[in-house]
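Data block below; observations after.
The values are calculated or read from the model by the stated rules, or taken from the named source; none is laboratory data. Quick caveat, the model's predicted, so the values are computed rather than measured. Every residue, glycine among them, receives a Cβ derived from its backbone with ideal geometry; neighbour counts consider all protein chains shown.
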Amino acid sequence: MSTAVASERPVNPVEPFLRTDRMPHIWCPGCGIGTTVNCFARALVESKQPLDKVAIVSGIGCTGRVAGYVKLDSFHTTHGRAIPFATGLKLANPGLSVVVYSGDGDLIAIGGNHFIHAARRNADIKVICVNNFIYGMTGGQVAPTTPVGATATTSPYGSYERPFNLPYLAESSGAVYVARWTAFHVRHIAHSMAEAFSKKGFCFIEIIAPCPTLYQRRNRLGDGLDTMKLYKQRSVIKNGASTRDLDVGLQGEIVVGKFVDIERPTLQQNMEQQLRQTLKDRFAGLGGA
Ligand code: SF4
Ligand code: MG
């Protein structure tokens, strides 16, 4: 009997994209973040990305750990600051595909100002936001995405604050690509990520994903698997829907799809255009002197 055959084990197709020396990961059983990483690995394959030209930047939080687990050039930055870090990285090295991978608390609360201004400037970065409606790592506090009525550690009788509708925020701030899926829509997520790799400008993908430990449990939504069934029941694909109408409640429909896919000059292109024009004007001035 061959011992070589006995020791062989099937290789998970995602494994080559992971830093297996960093395993086991910190994510709880049933957490949706790992599912999104699987989709990300598939998107890298689908879009034929040269891996040495992809950089991933994340902030702080459970999703922020993604940067430490993928086998790419990665930067685990300070809380809320992934986007300015990524913007600088892209401007300094335009040949890179720069991905920001973080959670709703990091990107939309602490980093909310950076989010709207990077979209406004059309920074050429891809922003993946895993939205679990809560601050996960810090203990389940209410976030700017927590649905009205949902219970969190800081809203034991239910949140009374109006949450952000993230696709609407992204589009109205200037994003050129906006999509939303749930962790149930694995093929759609991978496809949207691959599409974002092919686009220039600020691309935003929201992935609604379960935090069974803090959000699902407190709101009696079951475990990770129960949540997948809920996502399947509650989600409706409406590609091209107006982002104004995409609020997500504790119950009811979750509209998913691709909502925005437009072109406009990026931050880098506008800078280069102005530089060219300025140099042209200066030299014209010198020539006429
Ligand atoms: Fe995932 Fe929530 Fe656990 Fe964080 S606390 S790893 S978001 S399940
Ligand atoms: Mg969160």
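The residue that is nearest to the chain's Cα centre (by Cα), counting only those in the range 91-105 that are outside any strand (DSSP E or B) and within 16 Å of ligand 1 (Cβ to nearest atom), is D104.
Does at least one position in the range 203-214 carry a residue that is among the aromatic types (F, W, Y) and touching a Cys at 6+ places or on another chain (Cβ under 9 Å)? So far as the range 203-214 goes, yes, one or more of its residues are among the aromatic types (F, W, Y) and touching a Cys at 6+ places or on another chain (Cβ under 9 Å). Return the residue satisfying two criteria in turn: it lies in the range 187-231 and is aliphatic (A, V, I, L, M) and farther than 25 Å from R264 by Cβ, and of such residues it is surrounded by the most Cβ atoms within 10 Å (Cβ to Cβ). Applying the filter and picking the extreme gives A209.
Please go through the range 54-79 and pick out each residue that is within 18 Å of H25 (Cβ to Cβ) and assigned to a loop (DSSP other than H, G, I, E, B). G59, I60, G61, C62, K71, L72, listed by residue number. Looking only at residues of the range 111-127 that are within 15 Å of the chain's Cα centre (by Cα) and either within 13 Å of ligand 2 (Cβ to nearest atom) or farther than 20 Å from A196 by Cα (or both), we find that the one that is surrounded by the fewest Cβ atoms within 10 Å (Cβ to Cβ) is G112. In the set V142, V178, only one residue is in contact with an Asp or Glu (Cβ under 8 Å, 6 or more places away or on another chain) and not in a loop (DSSP other than H, G, I, E, B); that residue is V178. If only residues of the range 30-80 that are hydroxyl-bearing (S, T, Y), within 16 Å of ligand 1 (Cβ to nearest atom) and more than 14 Å from P16 (Cα to Cα) are counted, the one that is surrounded by the fewest Cβ atoms within 10 Å (Cβ to Cβ) is T35. Of all residues in the range 121-136, those satisfying the criterion of being in a loop (DSSP other than H, G, I, E, B) and either within 16 Å of ligand 1 (Cβ to nearest atom) or hydroxyl-bearing (S, T, Y) (or both) are N132, F133, I134, Y135, G136. The criterion of being exposed (fewer than 13 other Cβ atoms within 10 Å of the Cβ) and either at positive phi or more than 21 Å from the chain's Cα centre (by Cα) (or both) does not hold for Q269.
For the range 224-248, give me each residue that is at pLDDT below 95 and either touching a Lys or Arg at 6+ places or on another chain (Cβ under 9 Å) or closer than 24 Å to P144 by Cβ (or both). Listed by number, the list holds a single entry, G224. For T151, the conditions (1) out of contact with any Gly (no Cβ under 7 Å at 6 or more places or on another chain); (2) within 16 Å of ligand 1 (Cβ to nearest atom); (3) among the β-branched types (V, I, T) all hold with the exception of (1).
In this entry, I116 is excluded by the filter for residues that are outside any strand (DSSP E or B), touching a residue at least 12 places away in the same chain (Cβ under 8 Å) and within 15 Å of ligand 1 (Cβ to nearest atom). Taken over the range 191-246, the criterion of being under 18 Å from G257 (Cβ atoms), assigned to a loop (DSSP other than H, G, I, E, B) and of a type in the set (A, V, I, L, M, F, W, C) is satisfied by A209, A241, L246.
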